[in-house]
Amino acid sequence: MALILIVDDSPTEVHVMKIALERHGYQTASAADGAEAIQKAKAMKPDLIFMDVVMPGVNGFQATRKLTADPETREIPVIMVTSKDQETDRIWGMRQGAVDYLVKPVSPDQLVEKAQAALES
């Protein structure tokens with residue numbers, strides 16, 4: 001069973017994503033900011049990370065860059081899930097190492113579809 005780390009500073013967003021993913025048999029864990037995400041990614045070695053961008057402290061772009069540059073965590077795919085909907089944000093997110101970029105609000109079906117695609121590749 002795949003473990004997915006959900007990184008978002010909104011408890012509501014985390015809850016909605018957690019329910020959608022767990023209904024489809026995924027295990028989930030969560031982190032409230034980029035620093036906690038990096039720490040948990042190293043400790044738990046999740047199969048996939050859904051990463052928000054706008055968070056206090058270490059933002060999602062910074063955390064993704066650190067995760068994808070670290071040999072310990074670089075194999076973990078990161079999908080950005082954010083309200084930042086500009087093309088420049090999408091390009092920047094992909095340049096930091098993200099494998100995909102979703103703009104909120106994301107439907108539960110879209111979330112599960114992206115998780116399946118990332119875990120199969």
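Bear in mind these aren't lab numbers, they're just calculated from the coordinates by the rules spelled out. What you are looking at is a predicted structure, and each value in this text was computed from that prediction instead of being measured. Glycine gets a Cβ as well: all are built from the backbone with ideal geometry, and neighbour counts include every protein chain shown.
Using a/c under 1.5 as the rounded threshold, could you call the stretch 1-64 rounded, prolate or oblate? The axes a ≥ b ≥ c are square roots of the C-alpha gyration tensor eigenvalues, and prolate needs a/b larger than b/c, oblate otherwise. Write down the numbers at each step before the final one.
Details: a/c = 2.47, a/b = 1.37, b/c = 1.80.
Judged from the Cα gyration tensor, the stretch 1-64 comes out oblate (a/c at least 1.5, b/c at or above a/b).
Please work out how much length the chain gains when fully extended from Gln86 to Ser10, using 0.36 nm per residue of separation minus the C-alpha to C-alpha distance, in nm with one decimal.
Full extension from Gln86 to Ser10 adds 25.3 nm.
Based on DSSP H runs of at least 4 residues, each adding -39500 (n - 2.57), what is the mean residue ellipticity at 222 nm of the chain after dividing by all its residues, to the nearest 500 deg cm²/dmol? Present the calculation step by step, with values, prior to reporting the outcome.
On the way: 5 runs with 56 residues, N = 121.
Taking each H run of at least 4 residues, the total per residue is -14000 deg cm²/dmol.
Step through the table entries Lys40/Lys84; Lys18/Lys114; Lys45/Lys114; Lys18/Lys45; Lys45/Lys84; Lys66/Lys104, compare each Cα-Cα distance with 21 Å, and write down the pairs that go over it.
In this structure, Lys40/Lys84; Lys45/Lys84; Lys66/Lys104 exceed 21 Å between Cα atoms.
Using the Cα centre as the reference, give the magnitude of the dipole from point charges on the C-beta atoms of the chain (Lys, Arg: +1; Asp, Glu: -1; all else neutral), rounded to the nearest 20 debye. Please list the in-between numbers first.
On the way: 13 positive and 18 negative charges, 45 e Å.
Here the size comes out at about 220 debye.
Given that just one value was derived from the coordinates, which of (1) 6.4; (2) 11.4; (3) 8.0 is mean projected area of the Cα convex hull in nm²?
The calculated read-out lines up with (1).
Report relative contact order for the stretch 14-121 in percent, whole number only (criteria: Cα-Cα under 8 Å, sequence separation at least 6).
27
Per residue of the stretch 42-56, what does 6.51 cos²θ - 1.76 cosθ + 1.60 with θ = phi - 60° give for ³J(HN,Hα)? Whole Hz please, x for Gly and Pro, Karplus curve as stated.
Karplus values, whole Hz, x for Gly and Pro: 5, 6, 9, 6, x, 7, 7, 10, 9, 10, 6, 9, 7, 9, x.
Is any residue of the stretch 5-23 close enough, with backbone N under 12 Å, to a label point placed 7 angstrom from the Cα of Leu119 along the Cα-Cβ axis, and if so, which?
In the stretch 5-23, the label zone of Leu119 (backbone N under 12 Å from the point 7 Å along Cα→Cβ) covers 5, 21-23.
As I understand it, the dipole of the chain uses +1 on the Cβ of Lys and Arg and -1 on the Cβ of Asp and Glu, about the Cα centre. Which of Ala43, Pro77, Ser10 lies farthest toward its positive end?
Result: Ala43.
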